[in-house]
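A quick write-up on the structure given underneath.
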Amino acid sequence: MALVFPALALAAEGPTAESNAVALDTVWTLIAAFLVFFMQAGFAMVEAGFTRAKNAGNIIMKNLMDFSAGSLVYWLIGYGIMFGADKFGLIGTDGFALVVDQGDGMPVWAFIIFQTVFAATAATIVSGAMAERTKFTAYLIYSVVISAIIYPVVGHWIWGGGWLANLGFKDFAGSTVVHSVGGWAALIGAALLGPRIGKYGKDGSVNAIPGHSITLGALGVFILWFGWFGFNPGSTVAGTDLSIALIALNTNLAAAAGATLAMITSWIRYGKPDVSLTLNGALGGLVGITAGCAFVNPLGAVIIGVLSGILIVIAVEIIDKVLKVDDPVGAVAVHAICGAFGTLMVGLLDVEEGLLYSGSAKLLGVQALGVVAVFIWTVVTSYILFKVIKSTIGLRVSEEEEVAGLDRGEHALEAYPDFVARDTSVTL
């Protein structure tokens, strides 16, 4: 009977411990991927809230389309570069447009969708730093290239069996692979694009350009914090790996510490607790702990969060006032600076190999090498990409479009058509 109806025989045997474990790992990985996908909404709300209402529709379109276009090119090209058979420790060489499941265990489809949402995160980071003055077509081109090539190459070096992985580099969920790649690219893009009209005076003074809704920005931060419980614990891609509990705790502690210390630091420095810096402090703590969430203990997570929160306030001020790079949402400080910092902290606080626990500086050296290598790769490739775009179709909208708002100029709409601007000044 079993030979004639093998499916019936298998059903009669019922699930095994092994098949249950595979099922649990698959479901866990998919749920984590769905949480990370929801972070796209968080990024959209942060960027929209921290910028002006006249550009909100453009921001929604960018966050929608970098994920949509990025998903397609990552499946077609990026996944193969990142996880294909290794070539010289630099790049993957197969698995392009993967249409056949490979091997036993968890279906490759679950792993691909999980990696796809990570690729989308790296691409969407750039949107905030270049907000309110970038051509929509230029942004689409960049998003496709980072999802197809720039991000997957770094991912192969570290997660795909490349040269940094072979050296022992540790980045559990992507402080460097995801966040620093997006952050360094954002820095180059914003620098080549130039500041928004009115951001800097001729005398070098810095003018604040407030966002239209701190409420939307805060909602975005809470969504991102929530999604990070898929981002970090989900990177186990195994629901049977009970370290997900420690990873979740470390993730939360670092975020809380980041927000608290950013608030205190801004309060001391500016006389009032700054709301936007406090929100970014939470994100800085989350980015900082992402590399070491599986390798440090809760005390280490708090230390990383505390230092990331302080670093956010300092980095935002340096980028804005010293480097004169106009970054409306603080993406460079949050993702590039805290991503690199959190990666280096693994070399100190890893409970097995960190300098403070093992007495050996080997891991710290490898972490530093990886941070520098990713910085060079991302800066060079992003610079070439943005310069080519700038020299061909152009990066920036016209002055008239920027003043009127990208919603009108790029999409022929208004995000808030029922809102009427009015004079709110009071005459005494």
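The values are calculated or read from the model by the stated rules, or taken from the named source; none is laboratory data. In this text, all values refer to a predicted model and were calculated from it rather than measured experimentally. Positions of Cβ are backbone-derived with ideal geometry, glycine not excepted, and every protein chain shown enters the neighbour counts. All accessible areas refer to the heavy atoms of the entire protein, side chains included, with ligands and DNA or RNA removed. Shrake-Rupley method; radii C 1.70, N 1.55, O 1.52, S 1.80 Å.
A Cα-only calculation for segment 279-413 places Rg and Dmax at 18.9, 61 Å. Given their separation in residues at 0.36 nm each and the Cα-Cα distance between them, residue 418 and residue 356 gain 16.5 nm when the chain is fully extended. Diffusion of segment 138-207 by Stokes-Einstein, at 20 °C in a medium of 1.002 mPa s and with Rh set to the Kirkwood radius over alpha-carbon pairs, works out to 150 µm²/s.
The alpha-carbon of residue 362 sits under 20 angstrom from the alpha-carbons of these lysines, leaving out residues fewer than 8 places away in its chain: 170.
Distance between the C-alpha centres of segment 49-97 and segment 213-269: 23 Å, rounded to the whole angstrom. Here the Kirkwood formula, the inverse mean of 1/r across different C-alpha pairs, assigns the chain a hydrodynamic radius of 22.2 Å. Averaging 1/r across all pairs of distinct Cα atoms in segment 42-167 and inverting the result yields a Kirkwood radius of 15.3 Å. Carbon and sulfur: what percent of segment 294-426's accessible surface (1.4 Å probe)? That fraction is 66 percent. Normalised by the number of residues in segment 274-409, the mean separation of alpha-carbon contacts (under 8 Å, six or more apart) gives a relative contact order of 21 percent.
Evaluate the Debye formula for segment 343-423 with equal point scatterers sitting on the alpha carbons, no solvent, and hand back log10 of I(q)/I(0) at q = 0.13 Å⁻¹, in q order, two decimals. Each listed q corresponds, in turn, to -0.68. When each full DSSP H helix of the chain is screened for a Cα extent of at least 20 Å along its own axis and an average Kyte-Doolittle hydropathy of at least 1.6, the helices passing are 108-129, 214-231, 298-317. Tell me the volume per residue, in Å³, of the convex hull enclosing the alpha carbons of segment 77-228. Expressed per residue, the convex hull around the Cα atoms of segment 77-228 is 154 Å³. Highest GNM mean-square fluctuation among 258, 84, 204, for the chain modelled with Cα contacts below 10 Å: 204. Over all other residues within a Cβ to Cβ distance under 10 Å of residue 406, the charged ones net out to +1, with Lys and Arg as +1 and Asp and Glu as -1. Of interest is the spacing of the C-alpha centroids, which for segment 347-398 and segment 155-207 amounts to 7 Å. Computed over segment 219-309, the P(r) curve from all C-alpha pair distances, binned at 10 Å from the origin, holds 21, 47, 25, 7, 1 percent per bin.
Checking the Cα-Cα distances for 54/390; 54/199; 199/321; 321/387; 62/199; 62/135 against a 20 Å cut-off, the pairs over it are 54/390; 321/387; 62/199. What the Kirkwood sum gives for segment 148-253 is a hydrodynamic radius of 17.2 Å, with every pair of different alpha carbons counted.
Under the definition of Cα pairs under 8 Å and six or more residues apart, what whole-number percent is the relative contact order of the chain? Write down the numbers at each step before the final one.
Details: 832 pairs, mean separation 95.3, N = 428.
For the chain, the relative contact order is 22 percent.
Take the Cα of residue 34, step 7 Å toward its Cβ, do the same at residue 18, and the gap between the two points is 2.9 nm. Return the calculated 222 nm mean residue ellipticity for the chain, to the nearest 500 deg cm²/dmol, obtained by summing -39500 (n - 2.57) across DSSP H runs with n ≥ 4 and dividing by the residue count. Result for the chain: -20000 deg cm²/dmol, rounded to the nearest 500.
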